[in-house]
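What follows is a set of notes on a single structure, which appears directly below.
Values quoted throughout were computed directly from the atomic coordinates according to the rules given, and no laboratory measurement underlies them. Computed from a prediction, not measured in an experiment: that's the story for all the values here. Using ideal geometry, Cβ is built from the backbone for each residue, glycine included, and neighbour counts are taken over all protein chains shown.
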Amino acid sequence: MFQLFKKNAAPPSEWVRRWSPDGLVIARGAGHGGGVHLRDPMVGGFLTQLADDGLAVEVEDGFLLGWDALYAAITDAAYASLPEVLSTPPFTKARPIGLLPVSLTPT
């Protein structure tokens, strides 16, 4: 019969995040292979705000967040939850250490 009061499950996120040489590409639809599906419901709102602030650029089917803009946004307190929303890997405090005395100039 009728299911008037049954709630439908929320549809999965339409947004997919992938890395590119130009930065972070966040596109709509599942047709973008190799991407990570973003599950946070605030993705669309963050992308609109990033575009309004001049940090993200609209592309054919989504947004491009260039590398400089990504790091600028992450350091901005207004975008404190952006790494979680975009499912980016956590930062590390690890630093490379040279153990051998190697010269960078030819000898």
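At-a-glance table
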read-out	value
Label-point separation, Arg95 to Asp76 (7 Å along Cα→Cβ), nm	2.9 nm
For region 64-73, Karplus couplings with θ = phi - 60° (6.51, -1.76, 1.60), whole Hz, Gly/Pro x	10, 10, x, 4, 4, 5, 4, 5, 5, 5
Amide H contacts of Ala56 (H built 1.01 Å from N, under 5 Å, at least 5 apart or other chain)	Ala51
